[in-house]
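Only one structure is covered here, and it is reproduced in the block below.
Please treat every number below as a calculation from the coordinates, not as lab data. What you are looking at is a predicted structure, and each value in this text was computed from that prediction instead of being measured. Every residue, glycine as well, gets a Cβ built from its backbone with ideal geometry; the counts of neighbours run over all protein chains shown.
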Ligand SMILES: NC(=O)c1ccc[n+]([C@@H]2O[C@H](COP(=O)([O-])OP(=O)(O)OC[C@H]3O[C@@H](n4cnc5c(N)ncnc54)[C@H](OP(=O)(O)O)[C@@H]3O)[C@@H](O)[C@H]2O)c1
C-alpha cells in the first residue's frame with residue numbers, strides 16, 4: 001500500500017511516498033481503508049525530532065494522525081465495529097500514522113462517522129475537537145456563563161474551540177486578522193479583536209479561561225486578561241513537570257520541563273491564575289460525543305483546502321505557513 005513516510009528526524013527528513021506491506025492486526029485493532037486525512041501542525045513538527053523524547057515512531061514512519069475511512073477487517077476482540085462501518089479517529093500518540101491507503105486503528109480511539117458529514121469533513125475533526133474538549137471541559141471545567149479566550153480563532157483549533165465553547169454555554173473572546181473577522185463571528189465569537197488593529201490585552205478582561213494557541217509572548221499577555229482564580233491551558237508549551245509525570249518520563253525530563261515552565265508558572269501564580277500544558281490524547285468515547293454534536297448540527301467542520309493524496313507534501317507545506325482558515329485535508333480515496 002502507498003503511504004507518505006519520513007525516514008529520519010531533522011532538517012532533511014526525506015518525506016516521500018513509500019510502498020509498505022498492508023498492516024496486520026492485533027485482536028483489539030481494525031484495518032481501515034483511509035478516505036481522508038485531516039492535517040495538524042504537529043504532523044510537520046514530528047519530523048523535526050522536537051517530540052522524539054515523547055512520541056515514539058519506528059522509522060520510516062507514516063505521517064499524519066487524523067483520519068476518516070471504512071472498516072475492512074476487525075481483530076477478534078473488536079466489539080463495536082464491523083467491516084463496512086464508516087469511522088473517524090485520531091491516531092495521535094500511538095506510534096502509527098494515517099497518511100496511507102490503509103491504517104491500523106485500535107477500537108478504543110475510533111467513533112462512527114457522523115452520517116451528515118462526508119469523509120473529508122469527518123477527517124478534519126478528531127485532533128482539534130478532542131484537544132478543545134479536553135482543554136475546556138476536562139481540564140478547565142468551563143461552565144455556562146463563563147468567559148473563554150480562544151486566540152487565533154480562524155485556525156484549526158480556533159474554529160472548533162469557539163463552537164464547542166459556545167456549546168458549553170460560555171461567552172467567547174478571540175483574535176483574528178481583518179479578513180477573518182466575519183468567519184469567527186459566524187462561528188459564535190462574542191468579542192472579536194482584529195489583531196492587526198488592536199492589542200487584545202488592552203481590550204479584554206475578566207476572563208475565566210484562556211487557551212494557549214500561539215507561541216511567543218501571547219500566553220504571558222493572556223494571563224493579564226484572566227480574573228483571579230482563572231485558568232490558562234496551553235497547547236503550545238512550555239511543557240511542565242506535571243506533563244512529564246503523567247507520561248512517566250524520567251526525572252531529568254521532569255526537571256527540564258519544570259525549568260522550562262518556571263517563569264510562566266511564577267507569573268501566573270503572582271496573578272492568582274493557574275497554568276498547565278495539555279497534550280491531547282486519542283479517545284473514541286469523547287469522539288463519539290463530539291460526533292453527536294456534529295450530527296445534530298451544533299458544531300460544524302470548517303475546511304480551508306482539500307488536496308489529493310499525490311499533493312500531500314504541498315498540503316503539509318501549505319499548513320506550515322500558518323494561515324489556514326479552518327482545516328487542511330488530504331483526500332486519499334475520492335468519494
Ligand atoms: N498540545 C496539543 O495537544 C495540541 C493539539 C492540537 C494543536 N496544538 C497546537 O495548537 C496550535 C494551533 O493549532 P491550529 O491547528 O489551530 O494551527 P493553524 O490552523 O495552523 O493556525 C492557523 C491560524 O492561526 C492564525 N494566526 C496566526 N498568527 C496569529 C496571531 N498572531 N493572532 C491571531 N491569529 C493568528 C491564522 O490566522 P490569520 O491568517 O488571520 O493570522 C490562521 O487562521 C499549534 O501550535 C498546534 O501545534 C497542540
Checklist outcome for this item: Computed over the chain: longest principal axis from alpha-carbon atoms vs helix 156-167 long axis, angle to nearest 10 degrees, is 70 degrees
Checklist entry - Of all DSSP beta bridges located in the chain, what percent are antiparallel, nearest 5? => result 55 percent
Checklist outcome for this item: Expected sort for 311, 231, 327 with the fewest Cβ neighbours (10 Å cutoff) up front is 311, 231, 327
Checklist outcome for this item: Rh (Kirkwood, all Cα-Cα pairs) for the range 127-192, Å, reads 11.4 Å
Checklist entry - When the C-alpha atoms of the chain are aligned to their principal axes, what extent does each axis show, in angstrom, from largest down? => result 55, 46, 37
Item to check | Relative contact order %, the range 70-155, counting alpha carbon pairs below 8 Å whose residues are six or more apart | outcome: 22 percent
Checklist entry - In what sequence, highest mean first, do 154-166, 277-289, 81-93 appear when ranked by Cβ atoms within 10 angstrom? => result 154-166, 81-93, 277-289
Checklist entry - By its C-alpha gyration tensor, with a ≥ b ≥ c as the square roots of the eigenvalues, how is the range 9-89 shaped: rounded for a/c under 1.5, else prolate for a/b larger than b/c, else oblate? => result prolate
Checklist outcome for this item: Dividing the mean separation of Cα pairs under 8 Å (6+ apart) by the residue count of the chain yields a relative contact order in percent of 19 percent
Checklist outcome for this item: Tilt, helix 251-260 to longest principal axis of the chain (alpha-carbon atoms), in degrees rounded to tens, equals 50 degrees
Next on the checklist: Taking every alpha carbon pair in the range 1-41, what does the distance histogram look like in 5 angstrom bins from 0, in percent?
Outcome noted: 5, 15, 18, 24, 20, 12, 4, 0
Item to check | For q = 0.09, 0.11, 0.13, 0.20 Å⁻¹, Debye-computed log10 I/I(0) when each Cα of the range 1-158 counts as one equal scatterer | outcome: -0.32, -0.47, -0.65, -1.29
Item to check | Relative contact order (percent, whole number), the range 35-78, Cα cutoff 8 Å, 6+ residue spacing | outcome: 60 percent
Next on the checklist: Can you give me the angle between helix 284-295 and the longest principal axis of the chain, using Cα atoms only, in degrees from 0 to 90, rounded to the nearest 10?
Outcome noted: 80 degrees
